[in-house]
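First comes the structure, then the notes that go with it.
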Amino acid sequence: MTQFRAPGNEPGQWSGLGHLERDLVLTDEDFAKIRQLIYQRAGIVLAEHKREMVYSRLAKRLRHHGLTRFSDYLEKLARQPDAREWEAFTNALTTNLTAFFREMHHFPLLAEQVGKAKGPVRIWSAAASTGEEPYSIAMTLHESLGARASEARVVATDIDTEALTHARAGVYPIEQVRKLDEERVRRFFQKGRGQHEGLARVRPEITSMVEFLHMNLLAPQWPIKGPFDAIFCRNVMIYFDKQTQARILERFAPLLKPDGLLFAGHSENFSYISKVFRLRGQTVYTLA
C-alpha cells in the first residue's frame, strides 16, 4: 500500500486551465490503425466518437517514450510484435468501471444458486477489473455457505494487467468501502492505520478464495476449466461486435454446470445473439 500526500495550496502552484493545446499528432490514419489493432488484439470495437478518449489515454505512452506523433508510436509497436508495450497499449484502451456489489439484484440469485449446490462451488468472474466484482462474489459465498465457504473458489480473469495488480492487492479507498452496509464492512475489511490511513483492505479469508489470472477472451485457449456454478460476464460484451459476442457465448456454454447461471450487464441482451442461452430473469441466463 502507498502513502498518499495531498497537494499543497501554496500561492502560485495552481492556475486556470485556459486552452489545452494538443502537443501530439493524431491523424485520421493513426486513429483508424489504433481501432484496427485493439479490435484484433482484444475484440474491442472503438466507435468514431472515441477519438478524444484514445488521444488522452495513449498520450501517456507517447510521452513515456519521448514521442510526439502517434504514427511513430504505432511504428514502434509494429517493429516489436512481442514487446511489453503491447500490454501497456491494451491496458490504456481498456475501460475499468466497477464497484462492490454493482447490480445488486444479481447477488441474492447467486446466494440461492450456491445454497443448493452439491460439492465445492466454483464461480468465474470473466471481467474482474480491479477486483470489486470477484471479491463481492467471494463475500456472497462466505455469507451463504458458512463452513463450506473454505472449499469455494472464484476464478477472476481480465485482460488488463495493471487492473489485476490492483485487484490482487485488495486495497481500496475507504470511501468506496463505506458505501457497503456496516456489517459487511466490519466482517470483510481491515481499516488502514498510519501510512495506510484512508484505505481499507479485504480480509485474508476473502482474498484466499479468489484466484486472479491474466486472460484475453479472444485467445484461442483459455487457462481455465469448468464446470462453474455461475459465470459473471458483465458490462464487457458491449465492447465487442455481435459476431465476437456469439463466439464467446458458445465457449461459455460447456464451462457451465447444466443448471448454472450466466450473469450479464444491465445494458446487455444475449437473447438475440445466441441460441445457446435463454433468459431466466433480469440480465440472468441459463443454458437453453
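The values are calculated or read from the model by the stated rules, or taken from the named source; none is laboratory data. Predicted model, so just to flag it, every value in this text is computed and none were measured. Please note: Cβ atoms are built from the backbone with ideal geometry, for glycine as well, and neighbour counts cover all protein chains shown. Just the protein is used for accessible areas: all its heavy atoms, side chains included, with ligands, DNA and RNA removed. Shrake-Rupley method; radii C 1.70, N 1.55, O 1.52, S 1.80 Å.
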Flag for Thr157 being in a strand (DSSP E or B) and closer than 16 Å to Ala264 by Cα: yes
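It is to be established whether one or more residues within the range 168-183 are of a type in the set (Asp, Glu), at pLDDT 90 or above, surrounded by fewer than 18 Cβ atoms within 10 Å (Cβ to Cβ) and assigned to a loop (DSSP other than H, G, I, E, B). Please lay out each step first, then the result.
From the range 168-183, those of a type in the set (Asp, Glu) are 175, 181-183; that's our starting set.
Applying the additional criterion that residues be at pLDDT 90 or above yields 175, 181-183.
With the extra rule that they be surrounded by fewer than 18 Cβ atoms within 10 Å (Cβ to Cβ), the set shrinks to 175, 181-183.
Okay, now just the ones that are also assigned to a loop (DSSP other than H, G, I, E, B), so 181.
The answer is yes, given that some residue of the range 168-183 is of a type in the set (Asp, Glu), at pLDDT 90 or above, surrounded by fewer than 18 Cβ atoms within 10 Å (Cβ to Cβ) and assigned to a loop (DSSP other than H, G, I, E, B).
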Count of residues meeting criterion [in contact (Cβ under 8 Å) with a residue 60 or more places away in the chain and either open to solvent by 60 Å² or more (accessible area, probe 1.4 Å) or under 12 Å from the mean Cα position of the chain (by Cα) (or both)] in the range 224-242: 7
Of the criteria (1) closer than 23 Å to Ala264 by Cβ; (2) touching a Leu at 6+ places or on another chain (Cβ under 9 Å); (3) open to solvent by less than 90 Å² (accessible area, probe 1.4 Å), which one Leu217 fails: (2)
Filtered residue count, the range 249-282, keeping only those that are touching a Phe, Trp or Tyr at 6+ places or on another chain (Cβ under 7 Å) and more than 18 Å from Val154 (Cα to Cα): 5
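Against the condition in contact (Cβ under 8 Å) with a residue 24 or more places away in the chain, surrounded by 15 or more Cβ atoms within 10 Å (Cβ to Cβ), aromatic (Phe, Trp, Tyr) and assigned to a loop (DSSP other than H, G, I, E, B), how does Phe107 come out, does it pass?
Working: in contact (Cβ under 8 Å) with a residue 24 or more places away in the chain: yes; surrounded by 15 or more Cβ atoms within 10 Å (Cβ to Cβ): yes; aromatic (Phe, Trp, Tyr): yes; assigned to a loop (DSSP other than H, G, I, E, B): no.
Against the criterion (in contact (Cβ under 8 Å) with a residue 24 or more places away in the chain, surrounded by 15 or more Cβ atoms within 10 Å (Cβ to Cβ), aromatic (Phe, Trp, Tyr) and assigned to a loop (DSSP other than H, G, I, E, B)), Phe107 does not qualify.
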Pick from the range 114-128, criterion in contact (Cβ under 8 Å) with a residue 12 or more places away in the chain and open to solvent by 10 Å² or more (accessible area, probe 1.4 Å), ranking: nearest to Ser56 (Cα to Cα): Ala127
The range 194-212: number of residues that are modelled with pLDDT of 95 or more, surrounded by 17 or more Cβ atoms within 10 Å (Cβ to Cβ) and part of a helix (DSSP H, G or I): 2
Identity of the residue in the range 61-87, under 25 Å from the mean Cα position of the chain (by Cα) and surrounded by 11 or more Cβ atoms within 10 Å (Cβ to Cβ), that ends up nearest to Asp160 (Cα to Cα): Glu87
Residue list for the range 40-53, filter: touching a residue at least 24 places away in the same chain (Cβ under 8 Å), assigned to a helix (DSSP H, G or I) and under 27 Å from Pro220 (Cα atoms): Arg41, Ala42
Matching residues in the range 110-148 - criterion: being more than 22 Å from the chain's Cα centre (by Cα), farther than 24 Å from Ala253 by Cβ and not in a helix (DSSP H, G or I): none
Candidate set from the range 24-39 (those that are open to solvent by less than 60 Å² (accessible area, probe 1.4 Å) and not in a loop (DSSP other than H, G, I, E, B)); member that is nearest to Gln245 (Cα to Cα): Ile38
